[in-house]
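Q: The structure that follows is given in the form of structure tokens.
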Amino acid sequence: MALLGVSVARELSQYNVSIAVIDRHNDVGLESTTTNHNLVCQGGDSLTFRPGTLHAELNVKSIPLWPKLADELGFPLRRIGGLWLIRDKADFRRYLRLYSRAFKSSLEPNAPYYIPEGSFQPPLEFVDRKRLLDMEPYITPSALGALHDPNLCITDPVKVAKALAENARANGVEFLLNQEVVRIERQGITYSIYTRQGLVIKSTFVVNAAGIEVDRIAEMVGARNFSIVPLKGTLTDFDEEVGRLISHEVHVLPRIEDMPHVKAVLPNIYGLARSGIYLELTYRSDRVVREEAVNHNIKVAKELFPEIPFEKHVVKSFIGFMAYTNADTGWHDFVVDIPDYVPNWVNIVLGPAGVSASPMLGKKVVELLMQSGLRLEPKRGGFDPRARRGGVQS
Amino acid sequence: MSAPRTITLDVARKMIDAMIRYARDNRVLPGSFAVVDEGGHVIAAERRDNGLPATFDIAIDKAWTAATMKTSARVLEVITRGQGWRLNVKYGGRLTIIPGSVPVVSGNKVIGGIGHSGGSAEEDEAIAQAGLSAFYREDHIDFTGEDMLRSLRRIADAAISHVIEKKLRPVAITIVDEWGGWPVLIYRMDGGGPYGYIEASRDRAWTAAAFRVPSDAVVNEVGINYGVGWNERLTVTAGGVPFRLQAQCSQWVLPVIGLRMIRK
Ligand SMILES: Cc1cc2nc3c(=O)[nH]c(=O)nc-3n(C[C@H](O)[C@H](O)[C@H](O)COP(=O)(O)OP(=O)(O)OC[C@H]3O[C@@H](n4cnc5c(N)ncnc54)[C@H](O)[C@@H]3O)c2cc1C
């Protein structure tokens, strides 16, 4: 498994259980974990998630865990801040509502938007055009100002996944890579997991974090109690020459005619700029990078920074899939759940903002497993949060 | 390959298979499933073995609501602030603002609707969503059980094969049960058959079930006076055929097949 699977494995490696991580690739983090926006929602973004959902809860509760995790595991976590451009009064009004949520949330711990104490340090603020130009000199003249979220971070999710995997391995987790799960049988509470490569793994608990394949894996034992549709996102990267000119995540609220696409540009950890996201619902085997999608991403970049010749600096475009729930309403939510009729089995569907929510995910799974009767006690030898053991790659 | 932009009969049946599988895996009481086109007209609708007869039309109405309102019942519930039932005055009760009603969106356009009835509101919604999920799956999700439905599907498939082989115009097929002439299955073949065929085939099936003779023999059996006005479903033209299933199913039902077909 990738980021989500290894987050859970690492969390569980603190306890007296034996754990194996199975993945069809020869390394961790080769699917959605490597094809995303790299954002860690540290504040403002979290306020946009529907209150009362697991999506909001896991993201918000992950906020204080990120700096600690980055320190323990030494992966990059850079606070770049976000600028949400205000083009007119309608934008301003919508941001004003978000802003007031942030203010309320830090006062009332039980409020649906509760953000843990200290998360908005420094707090969200409105900036006028003059300040905006100081922050982003090449920004579009149509921006009157912005809502500035100084807390938004970027990371390299693949590095995070690798660091978690190596730490999990150092704490006793076994990695079975190059093993594609093709069949699972259940006898009572014993699962036999068969791989295409001929391995049979027996286990009394299964955590299904197979990313976009999560539904197919769950169906193998009749444990699908959720539905997803594959949401394909196309992103475009631009070289360092452009990357140097952009220092925040900059986005505008999509208007009806922009739907369902996201209009954002941001730098990445390695100095490139990234634009997107062109979104479409399609088959998960549809891995083609469409010209229309790339043009959309370039157009978005130019809309936000009209003076920068993005089209001359394209490095690559690529696609990634998110498992999207409640596609009919657009009210995506996470699934972290044990199905009613299949014991000792946990389904995990995060999809959008899954990287950001990953630190809290492990804790949530531990809580669920304990509720379902697994006796988890701290490991006798102790857990070393910083230890690393390489060789996860097969 | 990208996902389809229209719902064919095969795609609709694939969606229903996935919904049946989901319903069985999650132990939902037997109910009915419907997939409709963007105008709200049935492409395929089916009732599980022992599903309540009334669920059939509720499922169709839910699918119709999703397709014609271009949104799911869950959203309608919110935007009408729970007062959605008032809209029904306009549609004689057809607008169904009960979860389990999900639009099918492809290429940013609503191209149809899905409805399920038979479980709780949450279950109905989850099953309809499983149908949407299947629309975006390249593989086919099969289920076990539902012997009666499977037998009836074979009969409908035989009728479809016949139409294709003989190069007849596409038809709509309805199979109803013997108790009340309640549909168990409706399929509309691809190829532009008018949606009016759906109701025509349903009426013939009902007529044949109600009188236990072919629909065009009803006049001979019971006399012409039974005709118009007695029951608006009564249709005495050819196309409704009663039949009895062999062996284990025979006592359950006297299903009737109703076809509406015109030679080319
Ligand atoms: C375009 C895009 C932008 C995004 N932007 C952000 C963002 O800015 N911030 C954020 O927080 N989130 C973002 N996300 C979401 C985030 O990328 C995902 O939530 C996260 O990566 C999911 O991690 P995962 O471990 O579930 O998935 P994956 O990385 O896809 O891992 C799933 C693993 O399961 C394995 N697997 C599947 N089937 C089998 C099988 N049969 N046998 C064995 N192994 C199997 C695969 O090999 C894979 O390694 C974005 C996603 C996309 C697509």
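Q: Looking at this structure, is A:A161 crowded, with 21+ Cβ neighbours inside 10 Å, near the ligand (Cβ under 10 Å from one of its atoms) and either part of a helix (DSSP H, G or I) or not acidic (D, E) (or both)?
A: Here the answer is yes, as A:A161 does meet what is asked.
Q: Out of A:E303, A:E307, which single residue is in contact with a Phe, Trp or Tyr (Cβ under 6 Å, 6 or more places away or on another chain), farther than 23 Å from A:Q42 by Cβ and surrounded by fewer than 19 Cβ atoms within 10 Å (Cβ to Cβ)?
A: Step by step, each of A:E303, A:E307 is checked, and only A:E307 is in contact with a Phe, Trp or Tyr (Cβ under 6 Å, 6 or more places away or on another chain), farther than 23 Å from A:Q42 by Cβ and surrounded by fewer than 19 Cβ atoms within 10 Å (Cβ to Cβ).
Q: Another question, then. Taking only the stretch A:262-310 into account, find how many residues are in a loop (DSSP other than H, G, I, E, B) and within 14 Å of chain B (Cβ to nearest Cβ). Break it down into steps so the answer makes sense when it comes.
A: If we filter the stretch A:262-310 for residues that are in a loop (DSSP other than H, G, I, E, B), which is where we start, we get A:262, A:268-272, A:282-290, A:305-309.
Pick out the ones that are also within 14 Å of chain B (Cβ to nearest Cβ) and you get A:282-290.
Final tally of qualifying residues: 9.
Q: Shifting gears a bit: Which condition number in (1) within 9 Å of chain A (Cβ to nearest Cβ); (2) farther than 22 Å from B:A23 by Cβ; (3) open to solvent by less than 10 Å² (accessible area, probe 1.4 Å); (4) of a type outside the set (A, V, I, L, M, F, W, C) is the one that B:G107 fails?
A: All conditions pass for B:G107, except number (3).
Q: Being touching a residue at least 12 places away in the same chain (Cβ under 8 Å), more than 14 Å from chain A (Cβ to nearest Cβ), at positive phi and open to solvent by 30 Å² or more (accessible area, probe 1.4 Å), is that true of even one residue in the stretch B:53-67?
A: Within the stretch B:53-67, none of the residues are touching a residue at least 12 places away in the same chain (Cβ under 8 Å), more than 14 Å from chain A (Cβ to nearest Cβ), at positive phi and open to solvent by 30 Å² or more (accessible area, probe 1.4 Å).
Q: Which members of the stretch A:361-376 meet the condition of being within 16 Å of the ligand (Cβ to nearest atom) and either open to solvent by less than 30 Å² (accessible area, probe 1.4 Å) or among the aromatic types (F, W, Y) (or both)?
A: Answer for the stretch A:361-376, where residues must be within 16 Å of the ligand (Cβ to nearest atom) and either open to solvent by less than 30 Å² (accessible area, probe 1.4 Å) or among the aromatic types (F, W, Y) (or both): A:L361, A:G362, A:V365.
Q: Right, next: Look through the stretch A:191-219, keep the residues that are of a type in the set (K, R) and within 11 Å of the ligand (Cβ to nearest atom), and return whichever of them is most open to solvent (accessible area, probe 1.4 Å).
A: It comes out as A:R196.
Q: Among (1) within 16 Å of the ligand (Cβ to nearest atom); (2) away from every other protein chain (no Cβ under 13 Å); (3) in a loop (DSSP other than H, G, I, E, B), where does A:G391 come up short?
A: (1)
A quick yes/no check of all residues on (1) part of a strand (DSSP E or B); (2) among the hydrophobic types (A, V, I, L, M, F, W, C):
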| residue | (1), (2) |
| --- | --- |
| A:R183 | yes, no |
| A:R186 | yes, no |
| A:Y191 | yes, no |
| A:Y194 | yes, no |
| A:Q197 | no, no |
| A:K202 | yes, no |
| A:I212 | no, yes |
| A:R224 | no, no |
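Q: Restrict the check to the stretch B:128-138 and report whether at least one residue is buried (at least 20 other Cβ atoms within 10 Å of the Cβ) and under 30 Å from B:R244 (Cα atoms).
A: no
Q: Then there's this: Open to solvent by 20 Å² or more (accessible area, probe 1.4 Å) and either away from chain B (no Cβ under 14 Å) or not aromatic (F, W, Y) (or both), is that true of A:R186?
A: Here the answer is yes, as A:R186 does meet what is asked.
Q: Separate question: Looking at A:T48, A:T33, can you tell me which residue is within 15 Å of the ligand (Cβ to nearest atom), without any contact (Cβ under 8 Å) to a residue 60 or more places away in the chain and away from chain B (no Cβ under 14 Å)?
A: Sole residue among the options that is within 15 Å of the ligand (Cβ to nearest atom), without any contact (Cβ under 8 Å) to a residue 60 or more places away in the chain and away from chain B (no Cβ under 14 Å): A:T48.
Q: Working only within the stretch A:18-47, note down all residues that are open to solvent by 30 Å² or more (accessible area, probe 1.4 Å) and of a type in the set (G, A, S).
A: A:S18, A:A20, A:S32
Q: Consider only pairs whose beta carbons are under 7 Å apart and that are at least six residues apart or on different chains; among these, list those whose first residue lies in the stretch A:201-223 and is within 14 Å of chain B (Cβ to nearest Cβ) and whose second residue is more than 9 Å from the ligand (Cβ to nearest atom) and basic (K, R).
A: A:I212/A:R284; A:D215/A:R224; A:A218/A:R224; A:M220/A:R183; A:V221/A:R186
Q: Let me ask something additional. Can you pull out the residues in the stretch B:142-162 that are free of Cβ contacts under 8 Å to residues at least 24 places away in the same chain and either basic (K, R) or loosely packed, with under 13 Cβ neighbours inside 10 Å (or both)?
A: B:R150, B:R154, B:A158, B:S161
Q: Counting only residues that are touching a strand residue (DSSP E or B) at 6+ places or on another chain (Cβ under 8 Å) and within 11 Å of another protein chain (Cβ to nearest Cβ), which one in the stretch A:224-235 is surrounded by the most Cβ atoms within 10 Å (Cβ to Cβ)?
A: Selected residue: A:I228.
Q: Kindly check whether there is at least one residue in the stretch A:344-360 that is more than 12 Å from every other protein chain (Cβ to nearest Cβ), away from the ligand (no atom under 11 Å from the Cβ), open to solvent by 10 Å² or more (accessible area, probe 1.4 Å) and over 21 Å from A:I63 (Cα atoms).
A: Looking for residues that are more than 12 Å from every other protein chain (Cβ to nearest Cβ), away from the ligand (no atom under 11 Å from the Cβ), open to solvent by 10 Å² or more (accessible area, probe 1.4 Å) and over 21 Å from A:I63 (Cα atoms), one finds at least one in the stretch A:344-360, hence yes.
The values are calculated or read from the model by the stated rules, or taken from the named source; none is laboratory data. Since the model is a prediction, treat every value here as computed from it, not as a measurement. Backbone-built Cβ (ideal geometry, glycine too); neighbour counts: all protein chains shown. For accessibility, only protein heavy atoms count, side chains too; no ligands or nucleic acids. Shrake-Rupley method; radii C 1.70, N 1.55, O 1.52, S 1.80 Å.
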